[in-house]
1. What pairs come out if I take residues in the range 50-69 that are within 27 Å of residue 114 (Cβ to Cβ) and without any contact (Cβ under 8 Å) to a residue 60 or more places away in the chain and pair them with residues that are open to solvent by 40 Å² or more (accessible area, probe 1.4 Å) and part of a strand (DSSP E or B) whose C-beta lies under 7 Å away, six or more apart or interchain?
2. Scan 20, 33, 12 and give me the residue that is touching a residue at least 24 places away in the same chain (Cβ under 8 Å) and open to solvent by 10 Å² or more (accessible area, probe 1.4 Å).
3. Please work out which residue is nearest to residue 67 (Cα to Cα), limiting yourself to the range 84-100 and to residues that are open to solvent by 40 Å² or more (accessible area, probe 1.4 Å) and out of contact with any helix residue (DSSP H, G or I) (no Cβ under 6 Å at 6 or more places or on another chain).
4. Would you confirm whether or not the range 59-70 contains a residue that is more than 18 Å from the chain's Cα centre (by Cα) and not in a loop (DSSP other than H, G, I, E, B)?
5. From 105, 72, 67, which residue is open to solvent by less than 40 Å² (accessible area, probe 1.4 Å) and either at pLDDT 95 or above or more than 21 Å from residue 32 (Cα to Cα) (or both)?
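The values are calculated or read from the model by the stated rules, or taken from the named source; none is laboratory data. Since we're looking at a predicted model, the values are computed, not measured. Neighbour counts run over all protein chains shown; Cβ positions are idealised from the backbone, glycine included. With ligands, DNA and RNA removed, areas are computed over all heavy atoms of the protein, side chains included. Shrake-Rupley method; radii C 1.70, N 1.55, O 1.52, S 1.80 Å.
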Amino acid sequence: MLSSNTAVFVIDIQHDLLGDSQTEIPYAARIKDAGTQILSAVRQLNASSQKPSLVVFVQHEEPAESGSLVRGSEAWQLVFPPQSGLDHEILVSKTTRDTFETNPGLATELKARGIDKIVAFGIQSECCVQSTCMGALDAGFQVTVLKGAHSTYHGSKQQAEEIERSVEELLRSRGAEVVEWEEEVRSWSAGVSASA
């Protein structure tokens, strides 16, 4: 169930990875469609709730010598930015793969808000999605990974979809739940958790 004890993490859905045809991931269209529908569902539920769920927009940044996600650049911009004026939509920047590592006070802040569950999706599966989910598990949160709503680039030994599955298997083995994003969104509207 989507409630005030849940934080939805939108991880590194940035222009270079999902908005530039020269550099975006192979399954950019699928992730953009999933992200659009997930956020629409969250925002509709939050608009009618006295206790809205927190949405955490994670934005990676790096020095120019390390990559393209340089703070202030077009590549660094979020495809799905938080809505202004809402205290339940927050922006968290990071410089490491694990959002919790870059922001050591984040877990405490979330718990102070009454949050004990994190629902995650975004880019890249084997990098920041995996590491942030591991960081959340290590911090004691329940974690649900939205299958079909995270992806990456093709690797030298595995295609992107194979990497997605490998990451899901690893996170499941560490205690995370993996749920088809459409199923999870339907459960929010029905008021029950597909991952329960």
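1. Here the result reads 57/91; 59/91; 59/93, each pair linking the range 50-69 to a residue that is open to solvent by 40 Å² or more (accessible area, probe 1.4 Å) and part of a strand (DSSP E or B).
2. One residue alone meets the criteria, 20.
3. 93
4. The answer is no; no qualifying residue exists.
5. Result: 67 is the single residue among 105, 72, 67 that is open to solvent by less than 40 Å² (accessible area, probe 1.4 Å) and either at pLDDT 95 or above or more than 21 Å from residue 32 (Cα to Cα) (or both).
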